[in-house]
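Worksheet for the structure shown next.
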Amino acid sequence: MEIIRVKDAAAGGKRAFEIIQQAMKDGIHTLGLATGSTPITLYQEMIASDLDFSEMTSINLDEYVGLGGEDKQSYRYFMNENLFNQKPFKETFVPNGKAEDLAAECKRYDDVIATHPIDIQILGIGRNGHIGFNEPGTPLDSQTSVVDLTESTIEANKRFFDKVEDVPTKAVSMGIGSILQGKKMILMAYGEDKADAIAGMVNGPVTPDLPASALQNHADVVVIVDDAAASKL
Ligand code: F6R
C-alpha cells in the first residue's frame, strides 16, 4: 500500500484527481465510484476540471434497498447531484435498490462489473472498517449481495435523513471480492474517527473483522489520509 498524507480533504481530493487525470491520459475507461462525505472533494475537482468524461463508464459501489433514484437520500440521487449532472459520463451504473428481484439485481451487477472491468476504484472507509457496505464479518471473497447495515453504520448515516428510523437497514453492495477485481484502488479517509480503521487496515491482520484489511492482498492500493486519520499508524 502506498500511503499519501495530505493536509486536509481538499488536498486529498486534489491528489486523487491527479491520479485519475494521469490514468485517463493513459487510456482508462472505467471508474468505480463511492458516495458519502469522503469523495466529495474529489468530485469537486473533477467538476472544476476541463476533463471530458463523456467516453467514461462509472460503476458505483452500493445503493440502499427500497430507495429509487428520485429519493433524495438514494445514492443514485447523490451521484447525479454531486457529479453526473455537471460531468456527464457515457454510462453510469448504480445498483437498483428498488429491484423486485434483488438476487437477480446482484447477479446483473456482477455481470456489469465483469463486462466493464474497473480501472480505478474510489473507496471511503467506515469507522468499523467497512468498504462499500461490507460490514465486519463479510467473507473477503464476497460478490455483490444484499447486506444488512450495522447499528454503527445506520448511526453514522442518519445525518442524511430526517430521523434514524428513516435510514434503510439493507443495501445492495458490491462484495469485497468484486471490489478487489479493480485494477487500482484509491481509498481516502479524513478525520480522527477513521484512525482506528486506517491503522487496522494498514497494520492489522487480514480479517473479515475489518473488511478493508483485504486491501493488503491487492497489488496496487493508494491510501490518501489526513493527519487525523493517519494518527494511529
Ligand atoms: C459509500 C460507501 C461507504 C462509505 C463509508 C464512509 O458508497 O461505500 O463505504 O465510503 O461509509 O462514508 P463517509 O465518506 O461518509 O465517511
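Each value in this text was obtained by applying a stated rule to the coordinates, not by laboratory testing. Given the structure is predicted, the values throughout are model-derived calculations rather than measurements. Don't worry about glycine lacking a Cβ; one is built from the backbone with ideal geometry, like all the others, and counts go over all protein chains shown.
The residue among 212, 4, 85 whose Cα reaches farthest toward the positive pole of the charge dipole of segment 2-226, with charges on the beta-carbon of Lys, Arg, Asp and Glu, is 4. Most simply put, the chain has about 25% antiparallel DSSP beta bridges, counting only bridges with both residues inside it.
Per-residue Cβ neighbour counts within 10 Å put 15, 159 in the sequence 159, 15, beginning with the fewest. Take the cross-link list 14/194; 87/194; 25/87 and give me the ones stretching past 25 Å between alpha-carbons. Over 25 Å apart, Cα to Cα: 87/194.
Each peptide in 29-39, 60-70 receives the mean, over its residues, of other Cβ atoms within 10 Å, and ordering these scores from highest gives 29-39, 60-70. Ordering 3, 20 from the fewest to the most neighbouring beta carbons within 10 Å gives 3, 20. The fraction of Cα-Cα pairs per 5 angstrom bin, counted from 0 for segment 2-226, comes to 1, 7, 15, 21, 22, 18, 11, 4, 0, 0 percent, rounded to whole percents. Close Lys pairs in segment 104-190, defined as Cα atoms under 24 Å apart and 8 or more places apart or on different chains, number 4. If you restrict to DSSP beta bridges whose two residues both lie in segment 124-233, what percentage is antiparallel, to the nearest 5? Close to 50 percent. Neighbour counts of C-beta atoms inside 10 Å place 146, 225 in the sequence 146, 225, starting with the fewest. Report summary: the helix-based calculation at 222 nm, which adds -39500 (n - 2.57) for every DSSP H run with n ≥ 4 and divides by the residues of the chain, gives -8000 deg cm²/dmol. In loop segments of segment 63-127 as defined by DSSP, the trypsin sites (Lys or Arg not before Pro) with at most 13 further C-beta atoms inside 10 Å of their C-beta are 72, 90.
Taking 22 Å as R0, compute the FRET efficiency from the Cβ-Cβ separation of residue 2 and residue 140 and round it to 0.05.
Working: r = 21 Å, r/R0 = 0.96.
Once the sixth-power term is evaluated, E becomes 0.55.
Distance distribution P(r), segment 96-191, all Cα-Cα pairs, bin width 10 angstrom from 0: 15, 44, 35, 6 percent.
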